[in-house]
Amino acid sequence: MPPVAAGPPSDSAPSSDGPAPPPPPPPPRLPSVYEYVDYRAFLRDHFAASKILKPQYSYRYFSRRAGLASSNFLKLVMDGKRNLGAGTIEAFARALKLDDAESRFFADLVGLSQAETLVERNRAFERVAANRRFRAARRLEGPLFEYLRHWYYPVVRELAARADFVDDPRWIAAELLPPVTAREARAALDVLGRLGLLVRDASGRLLRGEPSLTTGHEVRSAMVPVYHRQMIERAGAAVDDVPPDERDVSALTVCIRASSLADLKQRIRRFREEMMERCDTETEPERVYQLCIQLFPLSRVPPSTPAGLAASRSAAASASPAGAKPRGARARPGG
């Protein structure tokens with residue numbers, strides 16, 4: 001009796017010849033605080049991952065774990081509408097289940113974001129940047145981080161354009177205004193050399209290099225404000241320390257339409273490009289200068305304008321019964 005031919009496989013039985021189904025995606029993990037320079041971004045990512053791992057996780061759930069009276073305080077902090085104080089930093093660290101080292105680093109991130117003075121922000125930044133676990137997390141993947149850490153690093157690079165430049169930390173330290181230490185100048189030379197911002201020619205003389213400095217968005221958002229604050233501080237000191245015939249400090253106070261801002265910013269960009277082109281034509285440069293340009297508002301947007309209406313809606317969205325505080329009432333934990 002001849003064998004009976006097998007029929008085609010049924011819909012319910014998988015074919016042994018077909019491709020194997022893809023493996024299931026790995027479960028999400030809670031982010032490490034050492035992967036961040038923005039503590040609000042850490043809170044947002046931690047909340048999103050916790051929500052996937054534990055569907056009942058909510059703002060109210062977090063508030064209970066932190067011992068907070070307001071059920072939406074976490075949401076307000078994540079959105080930048082509330083800050084953290086010393087007490088709420090501890091409460092948040094407890095609710096996030098951070099260990100002692102992670103809690104200290106989280107507090108440094110808060111200090112970096114909420115510092116009210118340049119000195120406070122720089123101190124917080126140095127603590128963050130010095131953390132080995134933070135650096136091991138490769139959040140400092142770009143050389144721009146190193147270049148902008150100290151105001152005098154770009155200055156030392158430009159100083160190398162002088163014909164009488166001396167490759168000696170003590171000489172470099174004394175040439176800067178204000179002077180830095182020889183150790184700081186030596187560190188600047190080391191960093192600039194590693195980044196290719198200073199290179200040696202065939203004769204061994206140091207020259208300015210032209211590398212491409214790039215870094216991730218998160219590092220840029222943390223570092224560029226640090227750099228600008230340092231240079232603005234130098235500009236303020238120059239008003240008193242530099243004779244008027246060696247500087248130019250001027251200002252305009254104007255009233256414009258909100259829609260004109262984009263045009264003014266474009267004109268400033270063109271002016272910067274013109275100034276850079278003019279300075280790049282110098283064949284025998286003698287002195288390093290800093291050109292700082294600031295354009296910022298000194299009054300609120302009228303509520304009747306589109307921008308004013310948007311600001312009013314944003315302010316209304318941040319208000320809540322839990323966040324309302326009458327005059328004379330005790331301050332809320334994160335105030």
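Overview of values
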| read-out | value |
| --- | --- |
| Test: residue in segment 86-99 that is modelled with pLDDT under 95, among the small types (G, A, S) and on the phi > 0 side of the Ramachandran plot | no |
| Test: residue in segment 52-61 that is part of a loop (DSSP other than H, G, I, E, B), more than 22 Å from L109 (Cβ to Cβ) and aliphatic (A, V, I, L, M) | no |
| Flag if A49 is under 30 Å from M223 (Cα atoms) and surrounded by fewer than 19 Cβ atoms within 10 Å (Cβ to Cβ) | yes |
| Some residue of segment 198-213 being touching a Lys or Arg at 6+ places or on another chain (Cβ under 8 Å), over 20 Å from F296 (Cβ atoms), modelled with pLDDT under 95 and among the charged types (D, E, K, R) | yes |
| Check on S299, under 29 Å from the mean Cα position of the chain (by Cα) and not in a helix (DSSP H, G or I) | yes |
| Residue under evaluation P21, criteria (1) at pLDDT 90 or above; (2) in a loop (DSSP other than H, G, I, E, B), criterion not met | (1) |
| Within segment 166-188, tally of residues that are in contact with a strand residue (DSSP E or B) (Cβ under 7 Å, 6 or more places away or on another chain) and either surrounded by 19 or more Cβ atoms within 10 Å (Cβ to Cβ) or not in a loop (DSSP other than H, G, I, E, B) (or both) | 0 |
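Yes or no, residue by residue, for (1) touching an Asp or Glu at 6+ places or on another chain (Cβ under 9 Å); (2) assigned to a helix (DSSP H, G or I); (3) of a type in the set (V, I, T); (4) more than 22 Å from F134 (Cα to Cα):
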{"site": "R82", "(1), (2), (3), (4)": "no, no, no, yes"}
{"site": "I89", "(1), (2), (3), (4)": "no, yes, yes, no"}
{"site": "F105", "(1), (2), (3), (4)": "no, yes, no, no"}
{"site": "V110", "(1), (2), (3), (4)": "no, yes, yes, no"}
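The values are calculated or read from the model by the stated rules, or taken from the named source; none is laboratory data. Please read these numbers as outputs of a predicted model, since none were measured by experiment. Note: ideal-geometry Cβ built from the backbone for every residue, glycine included; neighbour counts use all protein chains shown.
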